[in-house]
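Written out below as C-alpha coordinates is the structure these notes cover.
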Amino acid sequence: MEKLFDKLKEYLHMDTEISFEEFSEYYRNLITELNQTFSDLDKDSRIKALYICSIVQSNADARAKTNKSNAKAYKKVSAKCAFWVDAIKFHLGKDGMSPEEIEKATEDINSGI
(Lines give C-alpha, C1' and ligand atoms only; values in the text may rest on other atoms or scores of the structure.)
Protein backbone atom coordinates (compact mmCIF):
# COMPACT_ATOMS: atom_id res chain seq x y z
CA MET A 1 0.00 0.00 0.00
CA GLU A 2 2.94 2.29 0.72
CA LYS A 3 4.12 2.18 -2.90
CA LEU A 4 0.66 3.13 -4.16
CA PHE A 5 0.45 5.91 -1.59
CA ASP A 6 3.83 7.32 -2.67
CA LYS A 7 2.76 7.21 -6.33
CA LEU A 8 -0.49 9.01 -5.48
CA LYS A 9 1.45 11.77 -3.71
CA GLU A 10 3.54 12.14 -6.86
CA TYR A 11 0.37 12.41 -8.98
CA LEU A 12 -1.16 14.98 -6.65
CA HIS A 13 1.86 17.26 -7.08
CA MET A 14 1.77 17.15 -10.87
CA ASP A 15 0.60 20.11 -12.93
CA THR A 16 -0.71 17.96 -15.76
CA GLU A 17 -3.28 15.20 -15.84
CA ILE A 18 -2.07 11.65 -16.36
CA SER A 19 -3.31 9.69 -19.36
CA PHE A 20 -6.27 7.34 -19.27
CA GLU A 21 -3.86 4.42 -19.68
CA GLU A 22 -1.72 5.44 -16.71
CA PHE A 23 -4.81 6.14 -14.59
CA SER A 24 -6.20 2.69 -15.49
CA GLU A 25 -2.93 0.97 -14.65
CA TYR A 26 -2.72 2.71 -11.27
CA TYR A 27 -6.34 1.74 -10.57
CA ARG A 28 -5.72 -1.91 -11.55
CA ASN A 29 -2.67 -2.03 -9.28
CA LEU A 30 -4.72 -0.57 -6.43
CA ILE A 31 -7.53 -3.11 -6.81
CA THR A 32 -5.05 -5.99 -7.12
CA GLU A 33 -3.29 -4.84 -3.95
CA LEU A 34 -6.57 -4.52 -2.05
CA ASN A 35 -7.78 -7.94 -3.21
CA GLN A 36 -4.53 -9.60 -2.17
CA THR A 37 -3.72 -7.83 1.10
CA PHE A 38 -6.88 -6.27 2.52
CA SER A 39 -7.42 -8.75 5.34
CA ASP A 40 -3.77 -8.37 6.41
CA LEU A 41 -3.63 -4.57 6.41
CA ASP A 42 -3.08 -2.80 9.72
CA LYS A 43 -5.09 0.27 10.72
CA ASP A 44 -2.65 2.81 9.26
CA SER A 45 -2.49 0.97 5.94
CA ARG A 46 -6.29 0.77 5.82
CA ILE A 47 -6.54 4.50 6.38
CA LYS A 48 -4.07 5.08 3.54
CA ALA A 49 -6.07 2.69 1.36
CA LEU A 50 -9.23 4.64 2.22
CA TYR A 51 -7.54 7.90 1.29
CA ILE A 52 -6.24 6.48 -2.01
CA CYS A 53 -9.63 5.04 -2.94
CA SER A 54 -11.37 8.32 -2.12
CA ILE A 55 -8.97 10.30 -4.30
CA VAL A 56 -9.19 7.84 -7.21
CA GLN A 57 -12.99 7.80 -6.91
CA SER A 58 -13.33 11.58 -7.00
CA ASN A 59 -10.82 11.83 -9.84
CA ALA A 60 -12.72 9.18 -11.82
CA ASP A 61 -15.99 11.06 -11.23
CA ALA A 62 -14.47 14.30 -12.53
CA ARG A 63 -12.91 12.58 -15.55
CA ALA A 64 -16.19 10.82 -16.41
CA LYS A 65 -17.80 14.24 -16.86
CA THR A 66 -15.06 15.67 -19.07
CA ASN A 67 -13.84 12.63 -21.01
CA LYS A 68 -16.79 11.27 -22.95
CA SER A 69 -14.81 8.58 -24.81
CA ASN A 70 -13.79 6.90 -21.54
CA ALA A 71 -16.72 7.99 -19.38
CA LYS A 72 -18.09 4.46 -18.95
CA ALA A 73 -14.71 3.14 -17.77
CA TYR A 74 -14.28 6.03 -15.34
CA LYS A 75 -17.76 5.41 -13.92
CA LYS A 76 -16.82 1.76 -13.29
CA VAL A 77 -13.62 2.86 -11.55
CA SER A 78 -15.63 5.26 -9.39
CA ALA A 79 -18.17 2.58 -8.45
CA LYS A 80 -15.47 0.03 -7.55
CA CYS A 81 -13.61 2.60 -5.45
CA ALA A 82 -16.87 3.53 -3.71
CA PHE A 83 -17.29 -0.15 -2.81
CA TRP A 84 -13.78 -0.24 -1.32
CA VAL A 85 -14.31 3.05 0.55
CA ASP A 86 -17.40 1.55 2.21
CA ALA A 87 -15.63 -1.74 2.97
CA ILE A 88 -12.62 -0.02 4.49
CA LYS A 89 -14.78 2.30 6.60
CA PHE A 90 -16.79 -0.71 7.79
CA HIS A 91 -13.65 -2.57 8.88
CA LEU A 92 -12.14 0.49 10.54
CA GLY A 93 -15.43 0.90 12.44
CA LYS A 94 -15.30 -2.76 13.44
CA ASP A 95 -11.78 -2.10 14.74
CA GLY A 96 -13.18 0.60 17.04
CA MET A 97 -12.79 3.82 15.04
CA SER A 98 -15.71 6.24 14.97
CA PRO A 99 -16.73 7.93 11.69
CA GLU A 100 -15.27 11.17 13.08
CA GLU A 101 -11.93 9.50 13.85
CA ILE A 102 -11.82 8.00 10.36
CA GLU A 103 -12.57 11.41 8.82
CA LYS A 104 -9.89 13.09 10.93
CA ALA A 105 -7.32 10.43 10.00
CA THR A 106 -7.91 10.97 6.27
CA GLU A 107 -7.84 14.76 6.73
CA ASP A 108 -4.51 14.40 8.53
CA ILE A 109 -3.11 12.47 5.56
CA ASN A 110 -4.41 15.12 3.18
CA SER A 111 -2.85 17.98 5.12
CA GLY A 112 0.48 16.13 5.16
CA ILE A 113 0.65 15.84 1.37
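The values are calculated or read from the model by the stated rules, or taken from the named source; none is laboratory data. Everything quoted here is computed from the prediction, not taken from an experiment. With ideal geometry, Cβ positions are generated from the backbone for all residues, glycine too; neighbour counts draw on all protein chains shown. In case anyone asks, the SASA skips ligands and DNA or RNA and just uses the protein heavy atoms, side chains included. Shrake-Rupley method; radii C 1.70, N 1.55, O 1.52, S 1.80 Å.
Hey, could you get me the Stokes-Einstein D for the chain, Kirkwood radius over alpha-carbon pairs, 37 °C and 0.692 mPa s, rounded to whole µm² s⁻¹? Don't jump to the answer; show the numbers that get you there.
Working: Rh = 14.4 Å.
D, rounded to a whole number, is 227 µm²/s.
R0 = 22 Å: FRET efficiency of Asp95 with Lys7, Cβ-based, nearest 0.05? Write down the numbers at each step before the final one.
Numbers: r = 26 Å, r/R0 = 1.18.
After rounding, the FRET efficiency stands at 0.25.
For the chain, how many pairs of lysine residues have a Cα-Cα distance under 15 Å, where the two are 8 or more positions apart or belong to different chains?
14
For the chain, what is the calculated [θ] at 222 nm in deg cm²/dmol (nearest 500), taking -39500 (n - 2.57) for each run of four or more DSSP H residues and dividing by its residue count? Walk me through the numbers before you get to the answer.
On the way: 5 runs with 91 residues, N = 113.
Here the helix-only value at 222 nm equals -27500 deg cm²/dmol.
Relative contact order, percent, of the chain when contacts are C-alpha pairs under 8 Å separated by at least 6 residues? Show your work: numbers first, answer last.
Details: 73 pairs, mean separation 30.5, N = 113.
The normalised contact order for the chain reaches 27 percent.
Apply the Karplus curve 6.51 cos²θ - 1.76 cosθ + 1.60, θ = phi - 60°, to the phi angles in region 35-46 and return the couplings in whole Hz, x for Gly and Pro.
Coupling constants for region 35-46: 4, 7, 10, 3, 5, 9, 5, 7, 4, 4, 5, 5 Hz.
Hey, what's region 1-100 come to in accessible area per residue, 1.4 Å probe, Å²? Write down the numbers at each step before the final one.
Numbers: 6000 Å² over 100 residues.
I get 60 Å² per residue for this part.
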